[in-house]
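Report on the structure given below.
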Amino acid sequence: MSEARTLVISPNWIGDAVMAQPLLQLLKRQHPGRPIDVLAPPSVAPAWRAMIEVDSVLETPFRHGALQLRERWRYAKVLRARGYVDAYVLPNTIKYALIPWLAGIARRVGYKGEMRYGLLNVVHHDDRPKRAMVPFYAALAAAPDEASYSVLRAAVPRPGMWVDPQQIALVRARHGMGGAGRLVVFAPGAEFGAAKRWPARHFAALAQSVRAQDPSAHIALLGSPKDREACAEITALTGTDGIHNVAGATSLSEAIALIAGAAAVVANDSGLLHIASALNRPVIALYGPTDPDHAPPFSDVARSISLRLACSPCRQRECPLGHHDCMEKLEPGMVWHELRQM
């Protein structure tokens, strides 16, 4: 490949990848004709494929957490042949900054991270303990100075993804959700830890309210194989009529298609929440141990619900006080009140 190209090295989390998408919008504005490739873990790659700014998605061949210096050097030779003129390194680790340096990419942009001077040659700084992630990633499109950041922050676009309507219909039919009934998606999982999860009995009560109001509605329970048990608990409480537990039974690309066709999405603070937001679906976001101002939904119709207790946001994987009040006391009726207005 001889044409100039841009490489973006993806974060390792789906939600972070979605929140990094406005950076690509800004890069496209700067160089409309320059293709953007994304290097991403296989688990995150489908999210990037739903972004129109991306030309090619390259899947990382590396083991999670491993340096694998020899393998990175070999892969860098592959990247060198693709003609990249710049690279944006979104993870903060040294091992990801090594890749564009080894590939000889002239302009290497990213945050300081693990003291990556030399590996990166356009180094940004942001040591704030609290920061909204969309402008954090988007700032990499500007020069690393406060004046440039101020101009950019005033015009940061929101994340955006797109799915072909025919794909939505195919996936709905494949998983038994075809027909005219509206689709409501629940995302009861949270990869970060159990503290982020709204209780299964609360999701079950909400599902019963949805079905009582609209008996033709389909409710899809989405998530990874790790979420299958929590989703099974919901179906055990509600019965299976109209409730589809497809956690672990869909690929991420299929889950994205189902979310794209949803009339509403109710989700914990998770990657699927941010996908729903980027697809501009009506979203109810449930926050307990995390800060709703850190990564809020950006849909035209969105509600962030948090009790904002004195002990939150603790940002812990498990409740350090043992009571999980931030989610336990977030009653289903509060969420139903918001959902029925969507």
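The values are calculated or read from the model by the stated rules, or taken from the named source; none is laboratory data. Keep in mind the model is a prediction, meaning the values are calculated, not measured. FYI the Cβ positions are ideal-geometry reconstructions off the backbone, even for glycines, and counts take in every protein chain you see. Each accessible area value is taken on the protein alone, full model and side chains, heavy atoms only, with ligands, DNA and RNA left out. Shrake-Rupley method; radii C 1.70, N 1.55, O 1.52, S 1.80 Å.
Key figures
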read-out: Residue among Pro296, Pro313, Pro320, Pro289 that alone is at pLDDT below 95 and open to solvent by less than 20 Å² (accessible area, probe 1.4 Å); value: Pro289
read-out: Residue in the range 216-224 that is farther than 30 Å from His323 by Cβ, open to solvent by 10 Å² or more (accessible area, probe 1.4 Å) and of a type outside the set (A, V, I, L, M) present; value: yes
read-out: Number of positions in the range 76-102 that are closer than 19 Å to Ala4 by Cβ, modelled with pLDDT under 95 and of a type in the set (Gly, Ala, Ser); value: 3
read-out: Any chance Ala139 is part of a helix (DSSP H, G or I) and touching a Pro at 6+ places or on another chain (Cβ under 9 Å); value: no
read-out: Cross-chain or 6+ apart pairs with Cβ under 7 Å, the range 233-254 first and farther than 25 Å from Arg49 by Cα, then of a type in the set (Phe, Trp, Tyr) and in a helix (DSSP H, G or I); value: Ile234/Phe203
read-out: Selection count where residues are outside any loop (DSSP other than H, G, I, E, B) and in contact (Cβ under 8 Å) with a residue 60 or more places away in the chain, scope the range 46-88; value: 9
read-out: In the range 235-286, the residues that are within 14 Å of Val210 (Cα to Cα), touching a Gly at 6+ places or on another chain (Cβ under 9 Å) and surrounded by fewer than 20 Cβ atoms within 10 Å (Cβ to Cβ); value: Gly242
read-out: Criterion (of a type outside the set (Lys, Arg) and closer than 20 Å to Ala276 by Cα) met by exactly one of Gly83, Gly15, Gly33; value: Gly15
read-out: Matching residues in the range 89-124 - criterion: being part of a helix (DSSP H, G or I), touching a helix residue (DSSP H, G or I) at 6+ places or on another chain (Cβ under 6 Å) and open to solvent by 10 Å² or more (accessible area, probe 1.4 Å); value: Leu98, Leu102
read-out: Close pairs (6 angstrom Cβ cut-off, 6 or more residues apart or separate chains): among the basic types (Lys, Arg) in the range 297-314, not in a loop (DSSP other than H, G, I, E, B) anywhere; value: Arg303/Ile284; Arg303/Glu338
read-out: From the options Ala47, Ala40, Ala20, residue that is at pLDDT 95 or above, surrounded by 24 or more Cβ atoms within 10 Å (Cβ to Cβ) and more than 22 Å from Arg107 (Cα to Cα); value: Ala47
read-out: Close pairs from the range 152-181: first farther than 19 Å from Ala249 by Cα and touching a residue at least 24 places away in the same chain (Cβ under 8 Å), partner β-branched (Val, Ile, Thr) and open to solvent by 30 Å² or more (accessible area, probe 1.4 Å), Cβ under 9 Å, at least 6 apart; value: Gly160/Ile52; Met161/Ile52; Trp162/Ile52
read-out: Subset of the range 168-197 [part of a loop (DSSP other than H, G, I, E, B), open to solvent by less than 10 Å² (accessible area, probe 1.4 Å) and farther than 18 Å from Arg281 by Cβ]; value: Ala190
read-out: Residue within the range 23-31 that is within 22 Å of the chain's Cα centre (by Cα) and free of Cβ contacts under 8 Å to residues at least 40 places away in the same chain present; value: yes
read-out: Meets criteria (open to solvent by less than 10 Å² (accessible area, probe 1.4 Å), closer than 25 Å to Glu191 by Cα, part of a loop (DSSP other than H, G, I, E, B) and out of contact with any Cys (no Cβ under 6 Å at 6 or more places or on another chain)) for Pro11; value: yes
